[in-house]
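Below is one structure, written out as structure tokens, with a few remarks after it.
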């Protein structure tokens, strides 16, 4: 869009749209478009060469082609890819390029009025584009760091689960094997003792099964504090602001592990829905105690409207129902509120 100045500038020059301008435009503008696409699409190591090509194109055509000044502006903006890490280096590069252009144009006889706008234009637009480029690079690095944290956490959790299962099952299975071998040897000599050994094998297996179920339930459990931290990471990485309000006595105990897990998983599901579907700019999580119950509210300023019940909502209701909790969803245009309540220990369901 901004390359329209290539076709506007001749209207302010004495020569206007003469034959030479048309011929040079037909030769240079397609080349400029190729360089422009290269500056956008090529790798960061090759793209600056396309920007340098735009500047060289301007310098070479300047004796006969005033519209080439527009190529210079584009070249200066794309040259920012050369100095991705420091703004002052980019400013120094802009100063050198503008001095070169102004000196060359003045030697060719260009008036100051035709050149005065060039340094200011390249400086303002170049800084804006360069700062935006740095911001995108930082966002990308932040996303990569978050993904690395999640990956390392997953690896650590897998290693912990492996150690727990090894400690839990290694001794138990060894004992089962020994008892089974002993029972096999006693079958022909002492049937009663063999029967007792087989009975002990069954008891050991049942104990191992109970311990396995307990370990799996611990692996699947989720804490409210951990889910709040995960929610902030998920939403703010996606550009959604999160405000968390926790009442003074909200997390002072009185909540069983099963109910805390249910509330934490509802929080996870609600935040995931905000990130995936709500198109929100901000969200708020509130935790407080109301009449002997823990209340969780997740509010967002997304599109809202009618909600189609799915596996996520059904899962939230089922988890809460299993611990005598309730779920209420209030959704309309511009606002959605998910409210979950579970009774505290000693409170009536």
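The values are calculated or read from the model by the stated rules, or taken from the named source; none is laboratory data. Not measured: the values here are computed from a predicted model. Cβ atoms come from the backbone with ideal geometry, glycine included; neighbour counts cover every protein chain shown.
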Taking the options 82, 97, name whichever one is at pLDDT 75 or above and either assigned by TED's automatic domain parsing to the domain that holds residue 28 or closer than 21 Å to residue 31 by Cα (or both). 97
For region 294-311, does any single residue satisfy the condition of being over 22 Å from residue 238 (Cα atoms), modelled with pLDDT under 85 and part of a helix (DSSP H, G or I)? yes
Of the residues in region 19-43, those that are in contact with a helix residue (DSSP H, G or I) (Cβ under 8 Å, 6 or more places away or on another chain) and part of a loop (DSSP other than H, G, I, E, B) come to 42
Which residue out of 52, 69, 57 is surrounded by 14 or more Cβ atoms within 10 Å (Cβ to Cβ), touching a residue at least 40 places away in the same chain (Cβ under 8 Å), assigned by TED's automatic domain parsing to the domain that holds residue 106 and in a helix (DSSP H, G or I)? 69
Checked pairs for region 180-202, first on the phi > 0 side of the Ramachandran plot, second at pLDDT below 85, C-beta under 9 Å and 6 or more apart or across chains, list as none
Is it true that residue 106 is under 30 Å from residue 73 (Cα atoms) and in the same structural domain as residue 80 (by TED's automatic domain parsing)? yes
Can you go through 143, 46 and tell me which one is touching a helix residue (DSSP H, G or I) at 6+ places or on another chain (Cβ under 8 Å), exposed (fewer than 13 other Cβ atoms within 10 Å of the Cβ), modelled with pLDDT under 75 and over 23 Å from residue 16 (Cβ atoms)? 143
Within region 228-265, can you find the residues that are in a helix (DSSP H, G or I), closer than 26 Å to residue 140 by Cβ and at pLDDT 75 or above? 228, 229, 230, 231, 232, 233, 234, 235, 236
